[in-house]
Amino acid sequence: MGAQIRGFDWGATPLGPPDRWPVPLRTAIRILLTTNHPVFIFWGADHRCFYNDAYSASLGAEKHPSILGATGREAWPEIWSIIGPQIDYVMTGQGATWHENQLVPIQRHGRRDDVYWTYGYSPIDDEDATRGVGGVLVLCTETTEQVLAADRTRAAEARWRSLFDQAPGFMGLLDGPDHVLEFANPRYFDLFGHADMLGLPVAKALPWAIDQGFITLLDQVYASGDAHVAQGAPVAVPARHEGTTGVLYVDFVLQPIRDPNGAVTGIFVLGSDVTQRQRAELTIAESEQRLRIARDAAQLGIYDFNFANQRFEWDERVRELWGVDATEVITLELLESAIHPEDRSARQAAVVSALDPGGEGRYFAEYRVTNRIHGVTRWVQAHGRVSFLNDQPVRLTGAIQDVSEYKDAEARKNEFLATLSHELRNPLAPIRNAVELLKSRQLAPDIARQAQAVIERQTEQMVRLIDDLMDVARISRGRLTLRKERIDLDTAIQLAREVAISSIERGEHQLSITSPPERVYLQADPVRLAQVLGNLLINAAKYSEARRRIELIISPPKSERVEIVVRDQGIGIAAENLERVFEMFTQANGSQVRSQGGLGIGLALARALIELHGGTLSAQSAGAGQGSEFVISLPVGEMPAAGTVPDRKHEDASALLRGRAILIVDDNVDAASMLAMLLETEGAQVVVAHDGPGALRVADTVHPEVVLLDIGLPGMGGHEVCRRLRLQPWATNVLILAQTGWGQEADRERSRLAGFDAHLVKPIEPDELLRTLADLLA
């Protein structure tokens, strides 16, 4: 364009030769020619045209280069009615203009184009010109593609919103932990309320949903991130006019919505009113079938197969499972190539069954798919429905779901149940043999002591397994409460050593404990912390060959945290299993590990307990055969004040129990008699009853000072027995302790309300029982 301007005959125009042009024009043209941005200049009273190369890209052959030097009206006759007033506005000294995404259709490429521009008109000052403005500087950008793209986006959004509005089912979008109703389609309002609910939390918009449990259900879905599918759920909705309540039955799905980081931000509600269906069809089989369909419809990838051309249409999610890009044509051969060879015949049989015109046309198959890009094999479920025309299949449409996690969890569950059965049966054989030995009257004392020791060890093993299972259940339900206190870390270390020392000595291992010179204090539950450390020491002993070194190292606290390391020279952990060992019911692979037994919950429980303390637990290993180390990081507590008096120790249990009248109530005759013998050895006077009415009769005669009462009695339960005892004038200060296999917080609260002084969970350790009795009696 510089060459075009220099070669133009300007002498034939009112502007005259360039050497006589005013300085502002020459300066503006220099700016125009030295920028890569599209620039146009209108100069003088007749608005002579100048433009640069960047601007010429927006012009067709009709205008470029013919409009150079032309007047504005000559150059732009088709749009002069639009831009002429804008140019005059600037030339008359009224200031600059700005126009964003302005439709200015121009003649180019042999047609009149609807062209959108974002442009500004600015004055070019010239003190010799009328009103001090010699011309107009135009900075512009063609935005046609952006405007049309925005229009297409708005149109697509309108189409999707129209589809939502026309959907036969109800849909709603809930935002945040308060479940604010952001969007709902007309069917949602028809069933549950009105448009005024938008912007309100569901609990406020639909207060009747609170007592029916729907708000709790939404909280659970939001907190867990797990979808919820319901079939034929009853919903009591206030009637619109009569003020009465009508019951609807709905199928619905609550699907969590996640942000790019995987955090749940809201819930999508999708469902349909199935009141008529529910009233007409109440069979269990139909409910299960619809539940399956609703579950599949709420997730996963969609596919459609055309029998005429043997081609598939797959959405993005199905293509991702197979490892197929968006442009690749999907054929039966491509589908089959990724399916595991062992699963192909079963899938084909499912297709054949679905193609039977005499059937329902339903298709279901479960098979493994190997991703063509990453080589990862996943389990999928495929659901579908065949449509027929004159008994000929036309289309197969359905959904595909990735069920790998479910399959893995199912396998781990089955393995866990088998392991649990094995681990609980293992101690029974030595216990049974020891019992048979103890029946012999000629049994030597040392043999008797060995038999008793076997029974104690194996019973402790069974109790430990059951306790671990109970702890896991409590943690998973958020019911496990730590009893924190300020403790010296050395105290927990010594408790852990006592727990693990028999395992360490059995393997003839050398245990080394290293502590910093300064004492470390924690705000922690000493029993639970010792449980974790003992578990790690037992594992170190269990998974190491005989006569190995085991180290427990406490590093000096840094940044208000202390690090505890348990290191062994055992079998080690492969890199891919370093995180998996903390998963529930998971054990590292290998026959050596399998032979050591265990349920695969110890490390999961240990990590959960440490996290409840505000800490972390991680595993490190150089690999198989290279040993392992487990690292605990915990926040440190404050140093105890100088002169702090330690807790007073209880008086000796035997002294407190001697001569006390104790009533034991348990329908298990063996359990009652063994407990009676234990307390009699401590000097107590014990009577026994085996049911509720008998316990009340004995108690009314004996007036015991202590009652050990089983809750699960036949007929009259332990809670009722306790309540009746508390009504007796003589029982005002009687200590009543519950014995039960139920140990949840709700069970303890129920015991407290019934009048019990303590709640002991079976099997009760003798030391624990004696300590508890000593506490209460003292």
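The values are calculated or read from the model by the stated rules, or taken from the named source; none is laboratory data. No experiment lies behind these values; they were computed from the predicted model shown. Here Cβ is always computed from backbone atoms with ideal geometry, including for glycine, and neighbour counts include all displayed protein chains. Side chains included, ligands, DNA and RNA excluded: accessible areas come from the protein's heavy atoms. Shrake-Rupley method; radii C 1.70, N 1.55, O 1.52, S 1.80 Å.
With charges set only on the Cβ (+1 for Lys and Arg, -1 for Asp and Glu), what does the dipole of the range 303-408 come to about its Cα centre, in debye to the nearest 20? Don't jump to the answer; show the numbers that get you there.
Details: 12 positive and 18 negative charges, 21 e Å.
Using only the charged Cβ atoms, the result is roughly 100 debye.
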Using a 1.4 Å probe on heavy atoms of the protein chains only, the accessible area for Phe630 in Å², nearest 10, reads 20 Å²
Stokes-Einstein D for the range 303-392 (25 °C, 0.890 mPa s, Kirkwood Rh from Cα pairs), in µm²/s, comes to 177 µm²/s
Check the straight Cα-Cα distances from Lys413 and name the lysines below 28 Å, setting aside those fewer than 8 residues away within the same chain. Lys542, Lys762
In square angstrom, rounded to the nearest 10, how much accessible surface does Ser81 have for a 1.4 Å probe? 100 Å²
For Gln510, project a label point 7 Å along Cα to C-beta. Then give me every residue of the range 539-553 with its amide nitrogen under 12 Å of that point. 547-551
A chain fully extended from Leu678 to Arg580 at 0.36 nm per residue, minus the present Cα-Cα distance, gains in nm 30.9 nm
Using every Cα-Cα pair within the chain, state what percent have a distance larger than 41 Å. 62 percent
Restricting to Cα pairs under 8 Å and 6 or more apart, the percent relative contact order of the range 464-584 works out to 25 percent
Once Lys and Arg get +1 and Asp and Glu get -1 on their Cβ, which of Pro357, Leu396, Ile373 lies farthest toward the positive end of the dipole of the range 348-409? Ile373
Over the range 67-191, what number does the Rg to Rh ratio reach, with both radii from the alpha-carbon atoms and Rh per Kirkwood? 1.27
Given a 1.4 angstrom probe, I'd like the percentage of the accessible area of the chain that is carbon and sulfur, rounded to a whole number. 51 percent
Once Ile210 and Glu563 are pulled to full extension, the length gained, defined as 0.36 nm per residue separation minus their Cα-Cα distance, is 122.5 nm
Taking the chain and counting helices only, DSSP H stretches of n ≥ 4 at -39,500 (n - 2.57) each over all residues, the nearest-500 ellipticity at 222 nm comes to -12000 deg cm²/dmol
Between the residues Ala409, Ile554, Thr71, the Cα farthest towards the positive end of the dipole of the chain, that dipole coming from +1 and -1 charges on the beta-carbon of Lys, Arg, Asp and Glu, is from Ile554
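Given +1 on the Cβ of Lys and Arg, -1 on the Cβ of Asp and Glu, and no further charges, what dipole in debye does the chain carry about its Cα centre, rounded to the nearest 20? All intermediate terms of the calculation are to be shown ahead of the outcome.
Working: 78 positive and 104 negative charges, 156 e Å.
The dipole of the chain has a size of about 760 debye.
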Whole-Å distance, taken between Cα centres, linking the range 343-396 and the range 469-533: 54 Å
How many Å² of accessible area per residue for the chain, probe 1.4 Å? 54 Å²
Contour minus Cα-Cα span, Glu498 to His374, at 0.36 nm per residue, comes to 39.7 nm
Can you give me the pair-distance distribution of the range 1-76, C-alpha pairs, 10 Å bins, whole percents? 19, 59, 22, 0
